[in-house]
Amino acid sequence: MCGIAGIYHFDPCRRVDARLIDRMTDLLSHRGPDDRGVHLEGNLALGHRRLSIIDLETGHQPMSDGGGQIWLVVNGEIYNYKSLRRRLKSYGHRFKTNSDSEVIIHAYEQWGLSFAEYLNGMFAAALWDGPRRRLVLARDRLGIKPLYFSLFDDSIVFASEPKSILTYPGFPTAVDKEAVLSYLSFRTVVGGGTLFEGIDKLPPGTILVADGDGIRTRKYWRLPINKEKRDRGEAYYLKKVRELVTKAVEKRLASDVPLGAYLSGGLDSSIVVAVMAGAMKEPVRTYTIGFDENGFNEMGYAIEVARMHKTNHKEIRIEETDYIEHMTRLIRYKDAPLSVANEVPLYLMSKELKKNITVVLSGEGADELFAGYGRIFRSPFDYERTLFLRRHPEIVDGPASEFLSKVEDIYGTSTFEGKTDHFLRKYRWFSAEDEKRLLNPEFVSTAAAPRRSHETFTSILEGSNGLNHYEKILYAFQTIHLENLLMRVDMTTMATAVEARVPFVDHELVEFVFNIPLHYKLRWKSEMHRLMSAFLTSDEISETMDITKYILREAFKDTRRRSQAVDAPKPRALAQGVYRFVQRCRQFSNL
């Protein structure tokens, strides 16, 4: 795991300033404190900060092929590098290191711009093809590792974090107002872009090519949709889910440095720890964070799982003051406001575990894949019944009338403009009214509505792509919500030079599970519960009348525990501290 940066001037006669690439690279030192390297070649510069994980001695970057014609910097890990290495050797390729990164160079030499399709892992990579005078950027299928870029000064500038791009001479530090509104609504910038004008994220599953003809992008992976919708039966799915999850965890255990796992005591992290315990010879190092706050600390579930699997378990306890103290620092690392309460706790946990390990496995991604957010994934049930009752007003009385009243309380209306309107009312964090109260009136009056966000959601929720309403919401979470979650994981761990690995985001697992019929993920507890839910809202139904992540729970029922996400305490003292922090921020006239 590392930090990368680079500059490519479209003018072949223009040389890159060595001091600039040094500065851009060193701004990422927190991501890679073990080593640094720079490659300069006329109008091209690559920078790398290394966190050593595999092949500690010879994995220095930038890395080149034998002849110095192809150069690479990469942030991430390639889990199938051993099998790829054997395959490439059979084609005549010769390797000079044992690093997983080197297979990327040879894969590019063998398969050209299709190289990323052969990689199983998490990566943000930049390749310089000297003979063709072209730069190639690539990002993993699901966006586990970040890669930002900007077209500025007749150049393409890229990095693992926006702060490196912002240091480019003359780069405007203007805020993208539409992106700010999107961020407040959805806790991420939806539809491309960042909070900074002119800085974009390379989308997941995409390669970008820059050369003398300009730039072009190609999507090499999309979440595959099986339109056949064949139901193979519960026994088949139970076996395959257990097999694929186990495989995903086991291939993330390759490391030349100590590794461990986050353990919240919930289902997802418990499964990861259970598989690790079965695959590792030594006890798994597990970590749980809790707050010294009466009525909040619930580390008991994690302790129970730790005892069950005989892990080397450590509890990390923090005070409320730790939370406030580290907020500003974490915002600097993120280059954006904090968006969920658990970012500070995850950062503090990563900071503590760095004393003993460098790699940590985490359970993120299971909720998005297996329909774990019952309140939202069950919400089409609200939409369908509301639509039916509005079309048949003659039957709206008694329980039906009460149901519509509850819908209006939750959504602000019972007359939806369509599926997108319904979903966004449920999913968005801030309403337009909230934004007006929070932001400077001048800012609000000059900011455009988040059009890109709305168009992105509309293309999924209103499009005829062979999915039903429930499946479209799952698709939105898998393609939009998940990337935001993964960026938070990357930020909170890499800020402390810890590599996080997320087995539930293995693309082979994702491709299989997404096409499992919905009733194996979100299931009524019984037919009676379904009938009893006729006039209850999704908020009332979720996890009382139905079962979320059903197939995952059943496949690993021997590790089942009550879900307990890493959260933050919400006592009055903390709330007041955060409020004072926000008020200080609002003193700036441009917010």
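See the values below:
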| quantity | calculated |
| --- | --- |
| Spin-label model distance (nm) - S90 vs D397, 7 Å beyond Cα toward Cβ | 7.5 |
| Measure of compaction for segment 30-96 (Cα Rg per 2.2 N^0.38 Å) | 1.22 |
| Segment 431-523: GluC sites (Glu not before Pro) falling in loop per DSSP and having at most 16 other Cβ within 10 Å | E462 |
| Candidate lysines - alpha carbon under 19 Å from K177, same-chain residues fewer than 8 apart omitted | K163, K201, K334, K436 |
| Rounded, prolate or oblate (a/c below 1.5 giving rounded, otherwise prolate when a/b exceeds b/c) for segment 158-211 by Cα gyration tensor | oblate |
| Cα Rg, Dmax, segment 484-528, angstrom units | 16.1, 51 |
| Peptides ranked, highest mean first, by Cβ atoms within 10 Å: ranges 276-286, 142-152 | 142-152, 276-286 |
| Kirkwood Rh, Cα atoms: Rg over Rh of segment 133-241 | 1.13 |
| In degrees, nearest ten, helix 380-391 long axis to first principal axis of the chain (Cα) | 50 |
| In segment 443-488, the chymotrypsin sites (Phe, Trp or Tyr not before Pro) that fall in loop regions by DSSP, at most 10 other Cβ within 10 Å | none |
| Cα pair distances in the chain, grouped into 10 Å bins until the bin that holds the longest one, percent each | 3, 16, 26, 28, 19, 7, 2, 0 |
| Degrees, to the nearest 10: 267-279 long Cα axis against longest axis of the chain | 50 |
| Candidate lysines for bridging to K89, where Cα separation is under 29 Å - those fewer than 8 sequence places away on the same chain excluded | K145, K219, K247, K251 |
| The chain, relative contact order [Cα under 8 Å, separation at least 6], % | 16 |
| 15 Å reach of a label modelled at R232, 7 Å along Cα-to-Cβ, counting backbone N of segment 494-510 | 508-510 |
| Global form of segment 2-219, assessed from the alpha-carbon gyration tensor, a/c cut-off 1.5 | prolate |
| Length-normalised contact order of segment 287-412 in % [C-alpha pairs under 8 Å, at least 6 apart] | 18 |
| Ellipticity estimate at 222 nm from DSSP helix runs (n ≥ 4, -39,500 (n - 2.57)) divided over the chain, nearest 500 | -11500 deg cm²/dmol |
| Under 17 Å from the Cα of K281 - aspartates and glutamates, other chains or at least 8 residues apart | E250, D256 |
| FRET efficiency estimate (nearest 0.05) - Cβ-Cβ, E117 to K82, R0 30 angstrom | 0.95 |
| Relative contact order of segment 193-339, defined on C-alpha pairs under 8 angstrom at six or more residues apart (%) | 15 |
| Degrees separating the helix 234-250 axis from the principal Cα axis of the chain, which is the longest one | 40 |
| GluC sites (Glu not before Pro) lying in DSSP loop within segment 197-267, provided at most 16 other Cβ fall within 10 Å | E197, E228 |
| Prolate/oblate/rounded call for segment 374-471, Cα gyration tensor, a/c under 1.5 rounded | oblate |
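Just so you know, all these numbers are worked out from the coordinates, no wet-lab data involved. Quantities reported herein were computed from a predicted structural model and do not represent experimental measurements. Note that we place each Cβ from the backbone using ideal geometry, even for glycine, and neighbour counts take in every protein chain shown.
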